[in-house]
Each structure stands twice: as structure tokens, then as C-alpha cells.
Amino acid sequence: MRRPRLVALCATAALALLALALLPAAASAIPLAPESPHSPNAEDLRTAYSAVAIVAVILGLAINAALIAAVVRFRARRGVGPARVRGGRQIQARVGMMMGAIALAVFVFGLIVTVEARDLEASGPQGLQASSAHTAQLGLDPPDADEEPLSVQVSGQQWLWRYEYPDGTFSYHELVVPVDTTVVLALDSTDVVHRWWVPALGGKFDAVPGRANETWFKADEEGVYEGQSAAFSGPAYPTMRARVEVLSVPDYEAWLEQQAADIQAAQTAVQAQVEEQNLETQVQETAGANPAVDDFESEPSAGASPGGE
Amino acid sequence: MTPPPTVAPARPEVVTEGLPRRRPAWIETATSADHKTVGLMYVATALSFLVLALVELVLMRLQLIVPESTLIDPIVFDELLSAYGATAVVLFGIPLGLGLMSYIVPLQIGARSVAFPRLGALSFWLYLAGGILLYASFLYHPPDAGVNPLSPLSDEIFSPNGGMDAWIGGVGLALMGFVLMAVNLVATLHNHRAPGMVWRRMPPFAWSALVSSYVLIFTSAVMLAALAMLLIDRNYNGVFFDADEGGSPILWQHLSWLFFSGAYVVMLLPGFGAISEILPVFSRKPAFAHRAISRSFVAIGVLGVLAWMQNMYSAPIPLGWTIVAMAIALALLVPVGLLFFNWIATLWGGALEMRAPLLFALGAISTTAIGLAGELTQSVIPVAWQIANTTAATTDTHYALIGGSVFGGFAALYYWFPKLTGRVMGEGLARISFWTLLAGVHLTFGPLFFAGLEGQPVDLYKYYEGSGLDGYNLVASLGSLVLAAGVITTLINAAYSANRGVRAGHDPWGGHTLEWFALSPPPPHNFDAIPDVRGTEPLREIREAVRQRTESWRAPAPLERPAAATAPAAATEEAPTASGATEAGAADPPDTGEAPPDGGGGSVA
């Protein structure tokens with residue numbers, strides 16, 4: 001019995017030392033909640049997480065503390081037999097009710113936050129206004145009721161995201177949106193199930209082929225937000241990252257124009273090239289080639305081509 | 001006077017025609033339909049697959065030890081991932097529980113056999129065939145569509161190789177085996193209980209077996225249907241999951257998550273059952289509330305399965321259904337909370353003997369509590385929108401399932417090993433294994449929780465530099481080696497002790513349930529005499545009865561022989577119990593064979 005106890009003691013001591021060494025480093029670096037939110041719905045999610053995490057930590061700690069206390073206090077000793085522990089009347093019902101009350105409270109809270117997070121918020125004053133940019137400049141209240149949020153069609157495919165803007169312009173890999181503007185994402189997939197997720201801008205939602213799904217966000221600050229597809233989608237899954245660039249409204253509009261012009265230019269260039277080729281070789285291959293050409297020409301905004309392509 | 005010529009002179013003769021010849025041991029084992037042999041084969045196979053799962057886990061962790069590592073090919077990583085999921089859940093977690101149930105449950109309820117012995121044997125061979133089929137695919141092309149191959153990805157367009165078919169076949173065969181075993185156990189539990197063992201007196205492990213079996217029958221059948229659909233979709237132009245043809249990929253998610261929810265429950269419940277057996281024995285006081293524990297099992301089984309949609313909060317399904325799922329998932333807090341409360345109340349005030357089974361049971365409670373508290377947060381929709389499918393989510397799942405299946409399974413193994421083999425597992429190795437395993441779990445999954453909060457999704461073969469995830473993954477990868485060492489130590493302990501361990505009597509722990517009434521290991525027919533059950537802890541009552549009789553017994557007049565009164569009945573049972581038992585004298589079960597005056601009739605009330 002001596003040797004194993006010694007080993008266990010040494011192991012515990014080593015672990016304690018390790019923990020002591022790691023603790024200061026860890027305390028400053030370890031996140032206690034998901035990334036800081038930059039959208040109202042992401043804030044809701046963070047609130048939900050923080051509140052429920054406290055309940056969970058209390059429950060988990062309580063059980064472990066009770067366990068340790070029991071082990072320390074009630075070791076078998078010579079001459080001390082087990083005591084008969086009796087609960088009061090209906091102790092089971094009381095504990096059950098307590099647990100039920102906690103569950104109910106968490107449920108109600110979760111329900112409220114769920115509804116809250118799903119609720120579209122109107123665009124802010126600095127955001128893109130549906131009617132026109134003038135209303136905001138004139139200092140008028142934006143028309144709430146008939147205001148249309150910016151709606152972007154998000155289409156997942158192995159292994160990139162394609163974003164189509166209301167005017168038909170599109171981009172790959174990177175979603176560019178104006179700040180303080182409610183953006184509704186209509187999610188769709190052309191192949192397998194993908195999961196759109198940018199932690200700072202809200203939760204994750206599936207892009208399933210043949211089924212429409214929706215989420216929204218309203219970025220409160222300009223900048224670049226990184227995310228990552230969160231549903232396993234095949235060999236190049238880690239390369240399927242999501243990137244949202246939030247610009248000011250004028251920058252956004254300029255970008256949109258530029259992007260449209262780029263696409264137009266690229267398309268005409270390719271068209272010309274293809275026609276030239278056709279004239280030269282007299283080979284009919286336009287039918288199959290066009291969609292693929294479109295994909296290639298979106299690269300200017302996209303950066304590196306995805307791994308699997 | 002000549003004798004008739006046809007009659008041969010009389011000579012001694014041994015008639016051997018009617019007896020089968022003894023075949024080599026391995027044939028005897030392989031062809032056996034005895035629930036104990038089947039159970040042993042189940043447990044041994046499940047533990048072998050545990051080793052494979054560990055190898056896969058460690059390889060995946062090694063790939064993730066540094067960012068943008070190129071140690072393992074992405075495709076190979078996906079293959080390891082898919083194999084790991086199937087192995088850990090279908091080839092290790094569920095069958096380990098089933099094997100223990102097959103062995104122990106008939107003994108616990110005082111049955112001489114299971115209801116359908118051959119069905120049990122068939123069940124094992126189907127399971128083994130499934131495992132072999134899945135791993136045979138490593139010879140050509142293993143499956144690579146993930147732990148739960150969501151529908152369009154598992155379709156023949158995106159997974160054209162045969163690996164996916166091997167996955168379907170392997171998982172399908174194993175599940176067929178599980179359904180058969182579950183049917184077998186349900187029939188046994190309903191029909192073969194000892195006289196007097198009414199439902200409320202059934203031991204907690206038998207209760208967990210009953211609930212797990214019903215859950216398996218229900219969810220495995222659903223999954224088998226889903227697998228058949230997927231097979232048809234892939235190979236015969238079916239349209240079940242194809243959105244373009246009028247099918248729905250969401251259908252696969254519903255069916256498969258229903259199964260995985262059931263699998264989750266079935267991986268936890270046997271461990272919970274074993275813990276509920278171990279705590280009263282090693283704290284030397286009866287379970288705080290036997291009935292509350294068995295009711296919790298039922299509630300966990302029902303609610304755990306019904307909450308399958310909590311895995312689909314991000315899927316395009318109506319919000320109302322996800323809210324229903326959240327309500328059911330949160331309702332689980334009541335039975336789970338009661339269970340933990342009762343366990344601690346059982347320990348409280350006891351005289352704890354810190355032997356290996358109790359140690360592992362305590363580890364299981366601690367680990368599972370952390371995991372299930374994490375799952376509680378994730379059953380809240382907005383939290384899951386952020387946390388689901390990150391490494392934080394897998395952390396919760398792994399804490400819960402390693403708690404239930406590895407710690408709980410090992411606790412059960414240490415506890416029942418003397419019954420299985422007649423020998424006790426080494427205490428020293430057990431302690432080393434326990435502390436290593438505990439450290440390994442926390443080192444592996446603790447950091448991954450925080451990595452998940454920082455946004456690391458699960459199933460990635462690489463993460464990028466500068467994402468701030470390096471430290472977590474480094475510690476987790478090293479931790480996985482510690483975890484593996486902890487598991488392997490117990491397996492070595494078991495392998496060594498099976499032949500060389502200290503001999504155990506029929507009841508080395510002073511157990512309260514009927515399996516300790518039988519020999520270690522029990523004879524093929526389990527019991528010579530089946531005792532009458534009159535409480536939730538039959539063996540304790542038997543001991544009590546023996547003690548009272550011994551104490552109240554007064555020596556008759558010196559002329560008479562004192563043993564005459566009990567001798568005839570005792571003779572039949574004295575032989576098996578006394579032969580293997582060192583402390584047979586303590587319990588002396590034979591007396592009880594005749595102890596109850598009303599032979600099983602008065603117990604139904």
C-alpha cells in the first residue's frame with residue numbers, strides 16, 4: 001500500500017506545482033465568455049451565456065465540493081461505523097422542486113433571450129437607410145415601419161461563402177456591409193450543410209441545401225470580423241472561413257460600385273477572350289464555360305483561392 | 001443350462017454417447033450462448049475498441065499540437081475523426097454497458113439465464129462483425145464524412161468511395177446486435193426475476209439496464225431505418241435526403257440526432273447504475289433513496305431521447321420546436337439533479353472505504369457533474385447558438401461521456417471484476433490509473449473548453465496561426481497522452497489480474513445484491529438455489545437473517561447433534577458457495593434457501 005500512495009502523492013504534488021505555475025499565466029489569458037460582441041444579438045447571446053454559465057458553475061462546483069467534503073469527512077475509521085442519514089419528510093420532492101425551479105427559471109430566461117436575439121432591430125442613425133441617405137442627413141427620424149433591412153443572400157459551397165447583395169453584385173469569401181445597419185442573411189447551400197458563424201456578430205446558423213434559413217446582425221463598429229464555418233463539410237473544412245468587413249456607409253457604397261464595375265469589366269474581358277478564342281478555334285464551348293468563368297472573376301475581392309478548388 | 005448366446009457377459013461400461021466432447025476452449029467460448037461468456041466477450045471487445053478510439057484521439061491531437069500542422073494528411077484526419085466517433089460511441093460506449101449488463105443483470109435479479117441466450121450470442125457476433133466491417137474499410141478507403149455524417153455530405157456525390165458504405169454497414173450491424181441484446185435484456189428483466197423481486201426491489205444497475213434497453217430498442221431501430229435510407233440513397237437512387245428530388249437533408253438530422261441522443265443516454269446510464277451500486281457498498285450504508293434513483297433513470301431515459309432537437313438549434317426548423325427541445329432538455333435537470341443529490345446523500349455519514357471501485361465511481365460523479373453542467377448551458381438556445389460545435393461543446397460532451405463510460409465503466413469493471421474472473425484487480429495500478437486518468441481528462445478537455453470560447457470549431461484538422469489557440473491545443477494534445485496512459489494502465493491491470501490477481505471470494509466487497517450470492521465466476525446455471533427476495537438489498541437481508549439465526553440459536557440438549565436441523569437443505573448449496581469463498585462463513589447463504597416461510601408468495605405487496 002505504501003508505494004502507490006507515494007506515487008499518488010507525488011503525482012498530486014506535481015500537478016499542484018504545474019497548476020501553480022500555469023495559474024498566473026492562465027488567469028490573464030483565459031476567456032470566461034465568448035468573444036466580445038459587436039452586434040445586439042451577439043450581446044444577447046453573451047448575456048445568456050454569462051447568466052447560464054453562472055448557474056452551471058454553481059451546480060458543478062456544489063456537487064464536486066460536496067463530493068470532496070464527503071470523502072474527507074467520512075473515511076472509514078476504526079471503531080466508527082456508518083451513520084444513518086435520513087432526509088426530512090419528502091426530501092426527494094423538495095430537492096426535485098428546487099431543481100425544477102432552477103430549470104424553469106433558466107427556461108424562461110432562455111426563452112426571453114431567444115426571442116430577443118431573433119428579433120430584428122432597426123438600423124441605427126449612422127447606418128444605411130433604405131429610403132435614401134438624405135433622410136439621415138436632414139436629421140429626420142428614419143421611417144421605422146416600412147424600413148427594409150439590407151438583405152444579403154449567403155450561399156455556402158465547398159469551401160467558401162458567396163454573398164449576393166440586393167443589387168445583384170456579389171463577392172466571395174468576404175462579406176462587406178455598412179456599419180450600424182441591420183443586415184439580414186438568407187442562408188442557403190449549393191452542396192452540403194455549412195454553418196455560418198462569426199462569433200462577434202451572433203450565433204451560428206445552418207446553410208442547408210433546399211431549405212431557407214435566416215439570421216441577422218447589426219455591426220456597431222467598423223472593422224474586420226473573423227469567423228469560421230462550424231459544420232464539418234469535407235476535406236478542406238478548416239479553410240472555409242467567414243470574414244465580414246464593416247465599412248462606413250459612403251465607403252460601403254463606393255465599394256459596392258467598384259465591385260459591380262470590377263465584375264462588369266471582368267465579365268466583358270472574359271467574354272471578349274472567349275469570343276476571340278471561338279473565332280480562332282471555331283469551337284463551341286461557351287455553354288459550359290460561362291458559370292465557371294464568373295467564379296474565377298470574383299477573385300479580386302477574394303484573396304487566395306480556397307484549398308479544394 | 002447354457003445362457004442365451006445373445007447376452008454378453010456383464011462388464012463395467014461408461015456410457016459417453018450422450019455427452020458432448022469437450023472442445024478447445026476458444027471454440028467453447030466462441031460458440032457459447034451463456035450470458036456470462038457473451039458478456040465477457042462484449043466487454044473484452046469493447047475495451048479493445050476503446051484502445052483504437054484512444055489511438056485515433058491521440059493521433060488527431062498530435063496533428064493539432066501546433067497551428068497549421070502538416071503532420072497528418074487532411075483526408076487521413078477526417079478518416080480518423082469519423083472512425084473515432086463511430087468507435088467511441090458505437091463500438092465502445094454502448095457495448096461496454098451492454099456487456100456488463102449481459103453478465104451482471106441476470107445474476108442480480110436471480111435468474112439462471114437470460115430469456116434468449118442464443119439471441120445474446122448472435123447479438124455479440126453482429127456487433128463484432130460491425131466493428132470488423134468498419135475497420136476493414138481501412139484496407140481500401142475508410143469513411144471520412146465526420147462523426148455524424150450529415151446528409152448531403154454522406155451522399156454518393158460528396159463521399160463517392162465505399163468508406164461511407166462501410167460506415168453504414170458497420171454501424172448498422174452493430175446496432176442490430178444492440179437491438180437484439182436489448183430485447184433479450186428486456187425479456188429477461190420482465191420474466192426472469194427471482195421470486196419477490198418486484199420492480200421496486202430491483203437493483204439500480206438492473207434498472208439502468210432496463211431503461212437503456214428500451215432506449216436502445218427505440219433509438220437503434222430509428223437509426224437502422226435512417227441507415228437503410230442512406231444506403232438506398234447512395235446506391236439505388238433513393239430520394240430520402242436529396243433536396244433536389246423532394247427529399248430532405250433535415251430528415252437525416254432528426255433521425256441521426258435521435259439516435260445519438262439515445263446513445264448518449266445509454267453511455268451514461270450503465271455507469272450511473274454501477275455508481276448507484278458501488279456507493280452504498282463502499283460507504284457501508286444503504287442507498288439514500290433506492291426508488292428515487294430508479295425513477296431518475298426512467299426520467300433520464302425518456303427526456304434524454306425526446307430532447308434530440310437540442311442538437312439542431314442552428315438548423316432551419318421552426319423556432320417553436322427548438323423551444324420545445326430546450327424545455328425537455330432543461331427538464332433533465334430534475335432527474336439528474338436528484339440523482340447527484342442521492343449519491344452524495346448516500347456517501348454522507350458513511351464509512352468510506354477508498355477502494356478502486358469507489359475511487360472510480362467518485363471520479364465518474366465529479367467528471368459527469370462538470371460535463372452535464374456544461375450540457376445544461378448548451379441546452380439553452382442562445383448559448384448553443386454561440387457554443388455548439390465548438391471545442392467547448394465537445395468538452396462538455398467528453399466530460400459527461402468519459403465520466404459515464406470510462407470512469408463509470410471502469411468503476412463497474414473494478415467492482416465486478418472479481419465476479420467476472422474470480423480475482424480482484426490490483427489496487428496500486430488502479431490508483432495510478434485513476435489519478436492519471438483524472439489529470440488526463442482535465443488537461444485534455446479543460447484547455448479545449450476555453451479554446452471553444454475563443455471560437456475554435458470542432459473537427460478541424462488545423463487551426464491558423466495568430467488565432468490565439470496555440471497554447472490551449474498544445475496542453476490538450478499533451479493531456480491526451482496522459483489520458484491514454486490512464487486508460488491503458490487500467491487495461492493492463494485487468495489483463496494482468498485476470499490470471500494473476502489476488503483470488504476473490506464470492507463476495508469480496510460485502511455487496512448487497514444477488515450477484516454476490518453466486519460463485520466467482522458463477523457456474524453456468526448461476527445459482528444452485530434462488531433465494532427469495534424481500535427487500536432492495538437481498539444479500540444484506542440474507543446475511544442479517546443468517547446472523548439472527550446464529551445468534552438466536554440455542555444449543556439443544558447435549559445428547560442431540562446440533563447440525564441435524566439445517567444439514568439437509570444446506571448440503572446442496574454449501575458446496576458451490578464454500579469452495580471459492582474465503583469468507584463464505586461470514587455470509588453463509590445456504591441457510592436462507594429455506595429461511596422464508598412463505599416461498600415467494602407474500603412479496604408482491
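The values are calculated or read from the model by the stated rules, or taken from the named source; none is laboratory data. Nothing here was measured: the structure is a model prediction, and the numbers come from that model. All Cβ positions, glycine included, derive from the backbone under ideal geometry; neighbour counts span all protein chains shown. The protein model used for the area step is the full one, side chains on, heavy atoms only, and it has no ligands, DNA or RNA in it. Shrake-Rupley method; radii C 1.70, N 1.55, O 1.52, S 1.80 Å.
Summary of computed values
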| item | result |
| --- | --- |
| Listed residue (A:M98, A:A117, A:A65) projecting farthest to the positive dipole end of the stretch A:51-117, Cβ model | A:A65 |
| Kirkwood Rh in Å, taken over the stretch A:187-227 so that all alpha-carbon pairs contribute | 11.1 |
| Principal-axis tilt of helix B:319-331 within chain B, Cα atoms, nearest 10 degrees | 40 |
| Amide hydrogen neighbours beyond the local backbone of A:S151, cut-off 5 Å, H modeled | A:V184 |
| Extension gain from B:A225 to B:R200, taking 0.36 nm per residue of separation minus the Cα-Cα distance | 5.5 nm |
| MRE, 222 nm, helices only [DSSP H, n ≥ 4, -39500 (n - 2.57), over chain B, to nearest 500] | -21000 deg cm²/dmol |
| Nonlocal amide H pairs with B:S314, under 5 Å, H built at 1.01 Å | none |
| From phi via Karplus (6.51, -1.76, 1.60), per-residue ³J(HN,Hα) for the stretch B:460-466 in Hz, x at Gly/Pro | 7, 8, 7, 10, 8, 5, x |
| Cβ-derived FRET efficiency at R0 41 Å, A:E253 paired with A:S36, nearest 0.05 | 0.90 |
| Fraction of alpha-carbon pairs over 37 Å apart in the protein assembly as shown - percent | 51 |
| Built amide H within the under 5 Å cut-off of A:A207, gap 5+ | A:H194, A:R195, A:W196 |
| DSSP beta bridges in the protein assembly as shown [antiparallel fraction, %, rounded to 5] | 70 |
| In the protein assembly as shown, lysine pairs closer than 25 Å at Cα, eight or more apart or cross-chain | 4 |
| Minimum 20 Å² accessible area buried by the other protein chains, the stretch B:138-164 residues, probe 1.4 Å, relative to alone | B:L150, B:P152, B:L153, B:F158 |
| The protein assembly as shown, accessible surface, carbon-and-sulfur percent (1.4 angstrom probe) | 63 |
| List B:E515, A:E221, ordered by accessible area with a 1.4 Å probe, largest first | A:E221, B:E515 |
| Value of relative contact order over chain B, rounded to a whole percent, pairs C-alpha under 8 Å and six or more apart | 15 |
| Spin-label pair A:Q267/A:A62, simplified geometry with 7 Å Cα→Cβ offset, distance in nm | 6.3 |
| Average Cα contact separation per residue, the stretch B:200-254, under 8 Å, 6 or more apart, as relative contact order % | 16 |
| Where labels lie 7 Å past Cα in the beta-carbon direction, separation of B:L319 and B:I75 in nm | 4.4 |
| Residue-by-residue Karplus 3J(HN,Hα) for the stretch B:93-102, coefficients 6.51, -1.76, 1.60, Hz, glycine and proline x | x, 5, x, 4, x, 4, x, 4, 5, 4 |
| Computed label-point distance, nm, for sites A:Q90 and B:A136 using a 7 Å Cα→Cβ extension | 6.1 |
| Where B:T368, B:T29 fall by accessible area, highest first, once all protein chains stay in place (1.4 Å) | B:T29, B:T368 |
| Surface accessible to a 1.4 Å probe, per residue, for the residues of the protein assembly as shown, Å² | 42 |
| Averaged over B:372-379, number of beta-carbon atoms from partner chains that fall within 10 Å | 6 |
| Pairwise burial A:B, computed as accessible area of each alone minus the pair, summed, 1.4 Å, Å² | 7200 |
| Using θ = phi - 60° and Karplus 6.51 cos²θ - 1.76 cosθ + 1.60, couplings along the stretch B:51-67 (whole Hz; Gly, Pro as x) | 4, 4, 4, 5, 4, 5, 4, 5, 4, 5, 5, 5, 4, 8, 5, 10, x |
| Efficiency of FRET between A:V274 and B:E245 - r from beta-carbon atoms, R0 30 angstrom, step 0.05 | 0.35 |
